[in-house]
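Report on the structure given below.
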Amino acid sequence: MPSNTKYGRATLISALFVGGGQIYSRRYWAGLVFACLFYGSIGLMLVIWTGVNEAFWGLIAAWILVWLYNVYDAFKGANYHKPPCEKSCPAGISPWIYINLIAADNDEKYPHVPFFGTLEHICPAPCEDECTRRGIDSAVAIKYLKRCVSMEEPPTIERKRKEKIAIIGAGPCGLSAAYSLSNKGYDITVYEREEKPGGILTTLIPSFRLPDAMLNEEIENMLRERVELKCGIEVGKDTEFEDILREYDAVFVAIGAWKATTLGIPGEENALSGFDVLRKIKEGKTFKLGRVGVIGGGNTAIDVARSLLRQGNEVSIYYRRRIMDMPAEHEDRIEAQEEGIEIVQLTTPLEIHKDRVTMTKTECLEGRAGAVGLVKGSEYEVEIDALVITAGQWPESSFLKDHLKTDKRGRIVTKNGKTSHPKVFAGGDAVLGSATVAHAVGQGLAVADRIDAHLRKVPGFIYNILRRDFLPAIKLIPMRKAQRIEIPHRKIEERIKDFAEVELDASNEDLRNEACRCLTCPLKFRP
Amino acid sequence: MSLKRIIQTIATVIQNAYIPAIFAGGIYQGFLKRACTPILNCWGCPLALFSCPMGALQHFIGLGLIPFYTVGFFGTVGMLVGRMTCGWICPFGFFQDLLYKIRSFKAELPKPFSYFKYVVLIGVAGVIAYLTAEPWFCKLCPDGSLIAGIPLVLADRTGDLRALVGWHYYMKISILLAIIVLSVAMKRFFCRTFCPVGAIYSIFNRFSLLKLQIDDKRCIRCESCQTKCPMHVPIYRSPSNIDCIRCLDCVKVCPTNAIKHKVR
Ligand SMILES: Cc1cc2nc3c(=O)[nH]c(=O)nc-3n(C[C@H](O)[C@H](O)[C@H](O)COP(=O)(O)OP(=O)(O)OC[C@H]3O[C@@H](n4cnc5c(N)ncnc54)[C@H](O)[C@@H]3O)c2cc1C
Ligand code: SF4
Ligand code: SF4
């Protein structure tokens with residue numbers, strides 16, 4: 001990258017002439033102050049020199065400190081305090097930087113982030129919950145703005161390292177790690193059970209939320225001639241984990257969470273499972289079920305309900321806590337309700353029959369958050385034609401049991417991405433239980449660094465010290481009194497008929513205006 | 001320029017305004033020197049008009065007396081405004097503020113360092129000063145080196161002072177150098193880690209008349225106040241933090257106007 005050689009040169013200049021590198025990178029004040037401090041103090045000592053004594057070594061230490069800080073500063077460049085949006089991004093993206101690139105019409109491109117387009121569509125946007133602009137009117141539409149970011153193409157790679165790395169699972173976590181590690185020049189092999197890479201994104205998430213064409217292009221663009229993809233191979237069945245351990249220098253396990261839990265109530269075999277329904281719909285099957293009940297309150301429940309609605313069924317969701325407690329993404333829940341899906345809160349099934357379900361009311365218990373108890377005598381029957389259960393998933397990690405430590409839910413126990421086996425690393429849903437794509441991407445990238453540090457035998461903290469973040473020239477934008485952009489949606493009557501995307505494009509003008517609402521916190525709020 | 005910067009500039013000038021010293025050399029030893037300025041400002045500076053309370057305190061401690069005058073003085077100022085003088089009129093604090101403005105690589109100071117200033121206060125300015133009967137903090141103080149030590153030695157015409165330069169002077173210069181570099185990298189490094197005057201005032205932050213108040217219903221925990229704060233105090237969590245210097249920047253910067261200052 002061109003910017004890297006610039007910093008490299010600045011570091012060299014600073015090592016030779018204190019303050020020179022800062023002046024070279026146009027930070028004149030910093031250069032001037034460092035030079036004055038270093039050469040000024042030497043000059044002072046020359047003027048008042050009275051010979052070497054014990055404290056002379058203290059002086060040498062102080063000069064070394066000045067020199068070291070000066071070199072490190074030239075190497076890293078100036079930095080800012082992280083604003084809330086950046087601190088809260090699980091994927092490690094700096095939203096304020098790309099927003100500023102848009103707002104200031106800057107030609108620089110944001111460095112490539114894997115699954116950036118996917119995040120634009122389905123991230124729950126924790127950054128917007130933290131955005132400072134909330135205090136004035138409402139959060140900047142950080143997630144929606146992703147669609148007009150001009151991003152760098154993935155860099156061309158060269159195989160400069162001889163180690164081989166295996167990655168199990170081609171979900172967002174595994175592929176992000178594969179991308180990052182192939183940039184570093186490793187030889188990567190990805191094992192995937194399904195026929196196509198992408199994990200949950202390709203196999204399950206319906207296309208009205210995440211357009212297939214975009215996703216495929218993104219994955220294709222990211223992986224082009226970089227990694228060896230072995231699809232249709234399930235580790236633990238088609239090939240043994242031991243063989244992989246023996247053959248590769250490091251293994252990254254990102255198998256996601258695919259083992260569905262059961263409710264443990266009579267008649268459960270009469271119900272469908274949410275994952276099966278979503279997978280079959282993705283494969284092209286049409287369900288004509290009539291009146292459908294969906295049990296659950298997560299993303300899966302909402303996705304199942306909205307997909308079935310689009311195939312002409314009448315759908316209700318039954319959730320055992322309150323609507324406001326639903327873990328599903330808020331925006332999707334609202335959209336689902338707009339589309340005419342009824343959400344019945346504080347209800348849970350007791351027994352499932354062929355044509356009807358016995359439901360009972362629940363109540364929130366005081367004390368423990370999220371705990372519910374059944375209300376005695378509130379049982380009632382609901383007549384439905386089919387019931388879909390989406391009751392959470394946990395990792396299927398039994399084939400790893402002999403090698404790695406897992407907890408009782410099947411999650412792999414890790415510390416900074418390292419598992420109990422020195423060669424094996426893990427991340428994504430396999431470690432977190434069901435989380436989000438942003439967590440998966442963030443962990444993939446972070447663990448890739450850990451693996452790199454491990455294979456180079458560099459301690460983690462030194463590896464972190466030498467990392468450099470992307471920071472273009474940022475402009476402070478005057479504060480604007482504008483309301484948050486209204487994200488255009490397709491008309492409700494139209495969108496419940498097919499699987500095309502629900503969110504529409506806004507004009508560039510509107511997007512620019514939205515970007516200008518950002519307060520550029522790090523610049524505005526520095527001392 | 002904000003009001004704070006203007007006052008800081010004026011205060012710096014007033015506290016060091018003995019112009020004749022530039023032509024005549026020597027230091028001012030007139031009537032005003034008997035009074036303390038409410039903040040760290042070396043009395044040995046050729047331009048200084050007032051004496052430094054830390055110097056006075058150590059002087060009395062060294063003599064084995066109880067320093068009623070300085071303790072009362074600190075107490076009065078502290079009870080009124082807490083650590084406000086640090087934020088508005090301290091010349092060395094102002095100097096560090098300017099250093100931090102330089103665009104460079106910034107780091108965060110680990111929290112436990114904040115308590116080290118009590119060690120300096122009790123250990124160096126108290127116990128050691130008492131045992132040796134010498135003002136040991138002044139002997140190491142970077143403000144003293146910057147505005148007194150260096151100019152005095154450089155402007156020395158007779159050569160008497162220069163002859164005295166020894167290991168002690170070398171040490172002062174190295175401490176000054178290190179503290180300047182670290183204050184470029186961290187917010188007010190000296191104030192937060194070492195300053196014994198700040199340490200004394202910080203005790204009063206909890207009781208002072210001037211107070212900051214957070215409206216918890218309004219605060220959205222955006223931490224803008226902490227980022228803006230010259231001492232990096234999480235003011236929205238602890239409005240009477242020992243490190244709060246009452247500069248009131250956070251009051252201006254809070255997007256929801258959740259911070260109020262009030263006199264109780
Ligand atoms: C219906 C649904 C909707 C969701 N909606 C959202 C949303 O709106 N926003 C959001 O942020 N997140 C959402 N999520 C969560 C998100 O999809 C996951 O957190 C994310 O995909 C996890 O990525 P991963 O790489 O860790 O795992 P996965 O995506 O699950 O990938 C794991 C891959 O490993 C493969 N694999 C498993 N075992 C083996 C084996 N033994 N051998 C070889 N390969 C194997 C699997 O086939 C899979 O391809 C949703 C999840 C679901 C189920
Ligand atoms: S206003 Fe801008 S910089 Fe501040 S949190 Fe929101 S998006 Fe980030
Ligand atoms: S700036 Fe205001 S809203 Fe933000 S954290 Fe501080 S007090 Fe709270």
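When region A:481-527 is filtered for residues that are at negative phi, surrounded by 12 or more Cβ atoms within 10 Å (Cβ to Cβ) and within 14 Å of another protein chain (Cβ to nearest Cβ), the ones remaining, listed by number, are A:Arg517, A:Cys518, A:Leu519, A:Cys521, A:Pro522, A:Leu523, A:Lys524, A:Phe525, A:Arg526, A:Pro527. Restricting attention to region B:231-242, the residues being within 12 Å of another protein chain (Cβ to nearest Cβ) and either near ligand 3 (Cβ under 10 Å from one of its atoms) or out of contact with any Asp or Glu (no Cβ under 8 Å at 6 or more places or on another chain) (or both) number 1. Residues in region B:214-247 that are among the hydrophobic types (A, V, I, L, M, F, W, C) and within 16 Å of ligand 2 (Cβ to nearest atom): B:Cys219, B:Ile220, B:Cys222, B:Cys225. The criterion of at least 3 residues that are within 9 Å of chain B (Cβ to nearest Cβ) is met, among helices (runs of 4 or more DSSP H) falling completely within region A:1-62, by A:28-48. Any residue in region A:302-313 that is open to solvent by 50 Å² or more (accessible area, probe 1.4 Å) and not in a loop (DSSP other than H, G, I, E, B)? The answer is no, given that none of the residues of region A:302-313 is open to solvent by 50 Å² or more (accessible area, probe 1.4 Å) and not in a loop (DSSP other than H, G, I, E, B).
Taking region A:474-527 and the helices (runs of 4 or more DSSP H) fully enclosed by it, the elements with 2 or more residues that are more than 16 Å from ligand 3 (Cβ to nearest atom) and farther than 21 Å from A:Pro84 by Cα are at A:492-495, A:508-515. In region A:377-413, of all residues being of a type in the set (Ser, Thr, Tyr) and open to solvent by less than 50 Å² (accessible area, probe 1.4 Å), the one that is farthest from A:Tyr318 (Cα to Cα) corresponds to A:Thr406.
Can you find even one residue in region A:160-174 that is without any contact (Cβ under 8 Å) to a residue 40 or more places away in the chain and either open to solvent by 10 Å² or more (accessible area, probe 1.4 Å) or over 14 Å from the mean Cα position of the chain (by Cα) (or both)? Scanning region A:160-174, I find at least one residue that is without any contact (Cβ under 8 Å) to a residue 40 or more places away in the chain and either open to solvent by 10 Å² or more (accessible area, probe 1.4 Å) or over 14 Å from the mean Cα position of the chain (by Cα) (or both), so the answer is yes. Checked against the criterion of being closer than 19 Å to B:Lys187 by Cβ and aliphatic (A, V, I, L, M), the candidates A:Leu46, A:Leu59, A:Leu37 yield just one match: A:Leu37. Only residues that are more than 8 Å from ligand 3 (Cβ to nearest atom) and farther than 18 Å from A:Lys87 by Cα were counted in region B:216-228, giving 2. So which residues in region A:376-429 are in a loop (DSSP other than H, G, I, E, B) and either hydroxyl-bearing (Ser, Thr, Tyr) or touching a Pro at 6+ places or on another chain (Cβ under 8 Å) (or both), if there are any at all? The answer is A:Ser378, A:Thr390, A:Ser397, A:Arg409, A:Gly410, A:Arg411, A:Thr414, A:Thr419, A:Ser420, A:Gly428. Within region B:126-166, if we keep just the residues that are under 26 Å from B:Phe95 (Cβ atoms) and aromatic (Phe, Trp, Tyr), the residue that is farthest from the other protein chains (Cβ to nearest Cβ) turns out to be B:Phe137. Can you name the residue in region B:243-264 that is more than 17 Å from A:Phe525 (Cα to Cα) and open to solvent by 30 Å² or more (accessible area, probe 1.4 Å) and, of all such residues, is nearest to ligand 3 (Cβ to nearest atom)? Per the criteria, the residue is B:Lys260. A count restricted to region A:474-504 and to residues that are closer than 17 Å to A:Ile99 by Cα and either at pLDDT 90 or above or touching a helix residue (DSSP H, G or I) at 6+ places or on another chain (Cβ under 8 Å) (or both) stands at 9. Every listed requirement among (1) at pLDDT below 95; (2) open to solvent by less than 10 Å² (accessible area, probe 1.4 Å) is met by B:Leu209 save one, (2).
Restricting attention to region A:282-301 and to residues that are open to solvent by less than 20 Å² (accessible area, probe 1.4 Å) and of a type in the set (Val, Ile, Thr), the residue that is farthest from A:Pro327 (Cα to Cα) turns out to be A:Val292. If you go through region A:107-141 and keep only what is within 16 Å of ligand 2 (Cβ to nearest atom), away from chain B (no Cβ under 14 Å) and either among the charged types (D, E, K, R) or within 21 Å of A:Glu509 (Cβ to Cβ) (or both), you end up with A:Tyr110, A:Glu120, A:Ala141. For region A:68-81, the criterion of being buried (at least 23 other Cβ atoms within 10 Å of the Cβ), more than 8 Å from chain B (Cβ to nearest Cβ) and either within 16 Å of ligand 1 (Cβ to nearest atom) or assigned to a helix (DSSP H, G or I) (or both) is met by at least one residue.
The set of residues in region A:129-179 that are acidic (Asp, Glu), under 27 Å from A:Pro472 (Cα atoms) and away from ligand 3 (no atom under 16 Å from the Cβ) comprises A:Glu152, A:Glu153, A:Glu158. A count restricted to region B:201-230 and to residues that are in a loop (DSSP other than H, G, I, E, B) and more than 9 Å from chain A (Cβ to nearest Cβ) stands at 8.
The values are calculated or read from the model by the stated rules, or taken from the named source; none is laboratory data. Since we're looking at a predicted model, the values are computed, not measured. Cβ sites come from the backbone with ideal geometry, for glycine too, and all protein chains shown count toward neighbours. These accessible areas exclude ligands, DNA and RNA; they are computed on the full protein's heavy atoms, side chains included. Shrake-Rupley method; radii C 1.70, N 1.55, O 1.52, S 1.80 Å.
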